[in-house]
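Undergrad: Got a structure here, written out as structure tokens. Questions coming.
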Amino acid sequence: MTGAAGHAETAPRPVLATSEPVMIPMAEGRFLVRAWQIPDADGTTVGEHLSLTASGQREDISETAPLVRLHSECLTGDVFGSYRCDCGPQLHLGLERIAAEGGTLVYLRRHEGRGIGLVNKLRAYQLQDGGADTVEANELLGLPAEARDWGAAATILHELGLQRIRLLSNNPLKAEQLAGLGIEVTDMVQHEVAARPENHDYLATKRDRMEHRLLHVDD
């Protein structure tokens, strides 16, 4: 695979630091949470990420393909509840499903705006308000439509012993890129939330131009 900085990656990156697992109770359930410091694709900066593993998950979870959600940081959606995307509802639904079934959610920071950063994401929003779709807005800014780096996610999964997973996602690109880093995705588990009037076009663009498997977005 190729990282965000354009470097081909064939192995997980080193873990620079990690915390001990800490139990954190949440509205969705109880999770063992660990923080991870892992080099970014450029090799000069470091990202901090989280893994949240369901407390009390089945003892045989490692003998199957556990449920895993890779969730990209979205400050506007995850924290402020923006209706322009489906990120916040996807995060909470993912935690609910993992709490019920067992598995792990990896929260990936430095993924804002599919990897273009918060300032550029808001610049892209302005272009979208002028009629551009999400792909066109990034291109008008001279940026790729998809700039996320999955190397840190693969490193965390390897460290947790999760080399064979069921991926809770609608995005087949995630599975393709994880495969290049030694993570076998045995199944793509649909993870769709209801569209809102404010994010309908955003979701339709993900379906039509980015090959996301969205089954309930009306034309």
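Undergrad: Let me have the relative contact order for the stretch 57-177, percent, based on Cα pairs under 8 Å that are six or more residues apart.
TA: 32
Undergrad: For residue 126 paired with residue 27, estimate the spin-label separation in nm (one decimal), with each label point 7 Å from Cα along the Cα-to-Cβ line.
TA: Reported label-point gap for residue 126 and residue 27 is 3.3 nm.
Undergrad: Another question about this same structure. Pulled fully out, how much extra length does the chain show between residue 18 and residue 92, if you take 0.36 nm times their separation in residues and subtract their Cα-Cα distance?
TA: 24.2 nm
Undergrad: In degrees between 0 and 90, to the nearest 10, how far off the longest principal axis of the chain does helix 118-129 point, with axes built from Cα atoms?
TA: Helix 118-129 sits at roughly 40 degrees to that axis.
Undergrad: For residue 45 and residue 190, what is the calculated FRET efficiency with R₀ set at 41 Å and r taken between the beta-carbons, to the nearest 0.05?
TA: So, using R0 = 41 Å, E works out to roughly 0.75.
Undergrad: Carbon-plus-sulfur fraction of the accessible area of the stretch 28-152, 1.4 Å probe, in percent?
TA: Of the solvent-accessible surface of the stretch 28-152, carbon and sulfur hold 51 percent.
Undergrad: For a Förster distance of 30 Å, can you work out the FRET efficiency between the beta-carbons of residue 159 and residue 80, rounded to the nearest 0.05?
TA: The formula returns an efficiency of 0.45 here.
Undergrad: Picking from 187, 208, 40, which is most flexible by a Gaussian network model of the chain using Cα springs under 10 Å?
TA: 208
Undergrad: Continuing with this model, one more query. With every protein chain left in place, what is the accessible area per residue of the stretch 123-191 in square angstrom, probe 1.4 Å?
TA: For the stretch 123-191, the per-residue accessible area is 41 Å².
The values are calculated or read from the model by the stated rules, or taken from the named source; none is laboratory data. If you're wondering where the values come from, they're calculated on a predicted model, not measured in any experiment. When we count neighbours, we look across all protein chains shown, and the Cβ atoms used for this are built from the backbone with ideal geometry, even at glycine. Note: accessible area is taken over every heavy atom of the protein model, side chains too, but ligands, DNA and RNA are not part of it. Shrake-Rupley method; radii C 1.70, N 1.55, O 1.52, S 1.80 Å.
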